[in-house]
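Structure first, commentary second.
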Amino acid sequence: MAELSNIGYFVIGASDLDAWERFAIDVIGLQAGRREPGRSLALRMDDHEQRILITKTGEDDFLAAGWELDTHDELDAYVEQLRATGAVVTDGGRELADSRRVERVFACEDPNGLKHEFYVGAHRAPMSDAFRSKVLLGNFNTGRLGVGHVLAVARDPGAQRTVQFYKNTLGLRLSDYIRMEMAPGMVIDATFLHAATGRHHSLATAYMPSEKRIHHIMVQVENMDDVGLAHDRCAKAGVAFIHGIGRHPNDRMLSFYVQTPSGFGLEFGWGGIVIDDDSWEIKTYSQISDWGHVPPSPQVGGPGR
Ligand SMILES: [Fe+2]
């Protein structure tokens with residue numbers, strides 16, 4: 001069975017490319033890649049030419065998750081498997097592959113209308129153009145683990161149909177669950193799924209009211225101090241916080257959450273675990289955070305201020 005390795009790129013729609021450029025480069029610590037003025041901005045996190053593509057669509061939302069397959073044969077076998085489940089899979093052709101900076105790409109939609117792309121052969125920047133962040137001490141944690149993770153909004157109450165699609169159609173592996181009563185009658189029920197290279201989750205999902213297709217994307221750094229420094233830069237730049245610093249019980253991520261210029265969240269994290277499927281046990285956690293991740297208080301002006 002062909003299997004997805006990781007999410008290797010995100011595609012994001014935006015109305016304000018300049019706001020994204022300031023946020024991504026000066027505050028988060030990404031590097032600008034290829035620009036098409038007024039149309040798109042590529043963001044780098046490592047030796048890939050492009051890990052996050054911001055496109056000026058006028059629609060401030062998440063547009064696509066790009067799943068990596070390791071070889072052309074794996075990609076062909078995976079697309080065949082997908083089609084055998086009844087999924088409608090289109091060949092993106094040269095134009096989409098060029099836009100994503102990959103050799104070949106296919107695409108399908110999940111039951112919530114979120115686009116998933118499947119690719120092989122991400123283009124690398126030349127050796128003379130190594131990744132450089134203006135602000136980070138260390139590097140982003142990418143490589144075989146991919147760009148990060150995404151929490152997709154399920155539109156079906158209980159998210160059963162969504163989770164079935166991710167498990168049985170996309171072929172992702174279950175990591176764990178978090179079920180927590182946030183307030184009387186308001187329960188968060190999140191499912192976390194991983195791909196073959198084992199980032200604790202590449203994709204999570206939960207039923208929630210939301211105008212956006214996702215709740216947040218996550219990028220991870222290798223140096224814990226970069227979390228604190230990024231937190232301070234966000235506060236100084238006046239970026240809106242969603243949750244202050246805290247730690248999740250399941251992936252062990254130490255992180256904070258801010259609002260991106262497209263309106264959904266960005267989790268900036270360190271310390272997320274990698275799953276070894278031979279010894280992994282699926283658990284259900286009863287709280288989202290071991291500590292922290294407190295929403296900003298209007299009385300005190302929010303974290304970091
Ligand atoms: Fe997350």
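Close amide H pairs (under 5 Å, H built 1.01 Å from N) link Asp176 with Phe192, residues at least 5 positions away or on another chain. With the charge dipole of the chain set up from +1 on Lys and Arg Cβ and -1 on Asp and Glu Cβ about the Cα centre, the Cα lying farthest toward the positive end among the listed residues Phe140, Ala32, Thr169 is that of Ala32.
Overall, the accessible surface of the chain at a probe of 1.4 angstrom is composed of carbon and sulfur to the extent of 50 percent. Think of a 1.4 Å ball rolled over the protein heavy atoms: the chain then has 44 Å² of accessible area per residue.
Which of the GluC sites (Glu not before Pro) found in the stretch 215-303 are in a DSSP loop and have at most 14 neighbouring Cβ atoms, other than their own, within 10 Å? Those satisfying the criteria are Glu222, Glu281. Considering only the Cα atoms of the stretch 163-305, their convex hull presents on average a projected area of 9.6 nm².
Please figure out what share of the DSSP beta bridges in the chain is antiparallel and state it in percent, rounded to the nearest 5.
70
The label-point distance for Ser210 and Glu181, in a model that sets each label 7 Å from Cα toward Cβ, rounds to 2.4 nm. With the simple model of a label 7 Å out from the Cα in the direction of the Cβ, Asp26 to Met127 spans 3.6 nm. When the Cα positions of Tyr257, Pro157, His123 are compared along the charge dipole of the chain, Tyr257 comes out farthest toward the positive end, with charges on each C-beta of Lys, Arg, Asp and Glu. Bridgeable lysines around Lys134 (alpha carbons under 26 Å apart, same-chain partners fewer than 8 residues away excluded): Lys56, Lys236. Relative contact order of the chain: 18 percent, from C-alpha pairs under 8 Å at least 6 residues apart in sequence. Among the trypsin sites (Lys or Arg not before Pro) in the stretch 90-197, those located in a DSSP loop and surrounded by at most 11 other Cβ atoms within 10 Å of their own Cβ are Arg132, Lys134. Taking a Cβ cut-off of under 9 Å around Ala107, the surrounding Lys, Arg, Asp and Glu residues balance to a net charge of -2, with basic ones at +1 and acidic ones at -1. Per the Debye formula with a single identical scatterer at each Cα and no solvent contribution, what log10 I(q)/I(0) holds for the chain at q = 0.13, 0.16 Å⁻¹? So the normalised log intensities work out to -0.91, -1.46. Calculated FRET efficiency, Leu137 to Asp46, Cβ-Cβ distance, R0 = 25 Å: about 0.95 to the nearest 0.05. The distance from the alpha carbon centre of the stretch 226-246 to that of the stretch 89-118 is 33 Å, rounded to a whole number.
Amide H to amide H distances under 5 Å link Arg34 with Ala42, where only residues 5 or more positions off or on other chains count and H is placed in the peptide plane.
In debye, nearest 20: dipole of the chain around its Cα centre with unit charges on the Cβ of K, R (+) and D, E (-)?
Working: 31 positive and 42 negative charges, 145 e Å.
Roughly 700 debye for the chain.
Report, in order of residue number, the helices in the chain meeting two criteria: a C-alpha extent of 15 Å or more along the helix axis, and a mean Kyte-Doolittle hydropathy of at least 0.5; treat each whole DSSP H run as one helix. List each step's numbers first, then the result.
Working: long enough: 72-84 (18 Å, -0.85); 224-237 (20 Å, -0.34).
Qualifying helices, which must be both long enough and hydrophobic enough, do not occur.
Taking 7 Å steps out from each Cα toward its Cβ at Ser279 and Ala19 produces label points 4.6 nm apart.
Over the stretch 6-129, what is the relative contact order in whole percent, taking alpha-carbon pairs under 8 Å and six or more residues apart? Working shown, then result.
On the way: 241 pairs, mean separation 31.8, N = 124.
Reported as a whole number, the value is 26 percent.
Note that the stretch 5-10 has calculated 3J(HN,Hα) couplings of 8, 5, 8, x, 8, 10 Hz, one per residue in order, obtained from phi through the Karplus relation 6.51 cos²θ - 1.76 cosθ + 1.60 (θ = phi - 60°); glycine and proline are x.
Close amide H pairs (under 5 Å, H built 1.01 Å from N) link Tyr9 with Gly66, Val147, residues at least 5 positions away or on another chain.
The values are calculated or read from the model by the stated rules, or taken from the named source; none is laboratory data. None of the values given here were measured: they were computed from a predicted structure. Don't worry about glycine lacking a Cβ; one is built from the backbone with ideal geometry, like all the others, and counts go over all protein chains shown. These accessible areas exclude ligands, DNA and RNA; they are computed on the full protein's heavy atoms, side chains included. Shrake-Rupley method; radii C 1.70, N 1.55, O 1.52, S 1.80 Å.
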